[in-house]
Amino acid sequence: MAVGVLLVVLAALCWGVTNPFIARVNQAGSVLCTAAMASLPTSIVQPVANSLTLAVTAVTSSAMGLPTGRPTVVGAGLALIAVGAWLCAADG
């Protein structure tokens, strides 16, 4: 199970960091996510990976100086994403 969780987080990082560079191929996240589904239920892997991807994309875009919206709204959204991902993982 710990390996599956690590794979989900790595998949989200790969997708989130490469989303601002979407013109390039970002298949590493797909490979890691598929590997995570071998040890964790899809009902946990997909929502957690997708929500973490959104969070990592927001942080990466902000670090690159791309417009991301109002900081307080983005911060609140990231907090809600973290709580939702935790609830999905805790329920599984």
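Read-outs throughout are calculated quantities, based only on the coordinates presented, and are distinct from any laboratory measurement. From a predicted model like this one, the values you see are computed outputs, not experimental measurements. With ideal geometry, Cβ positions are generated from the backbone for all residues, glycine too; neighbour counts draw on all protein chains shown.
Tabulated results
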read-out	value
Extension reserve of the Val31-Leu87 stretch, reckoned as 0.36 nm per residue once the Cα distance is removed	17.7 nm
Ala79-Leu6 FRET efficiency (beta carbon distance; Förster radius 30 Å; 0.05 resolution)	0.85
Choice from Ala49, Ala38, Ala12 with maximal GNM fluctuation in the chain (Cα, 10 Å cutoff)	Ala38
Helical mean residue ellipticity (222 nm; -39500 (n - 2.57) per DSSP H run of 4+; nearest 500) of the chain	-25000 deg cm²/dmol
Relative contact order (percent, whole number), the chain, Cα cutoff 8 Å, 6+ residue spacing	33 percent
For segment 2-9, 3J(HN,Hα) per residue [Karplus equation, 6.51 cos²θ - 1.76 cosθ + 1.60, θ = phi - 60°, Hz, x = Gly/Pro]	4, 5, x, 4, 4, 5, 5, 5
Centroid-to-centroid separation of segment 69-90 and segment 46-64 [C-alpha atoms, Å]	10 Å
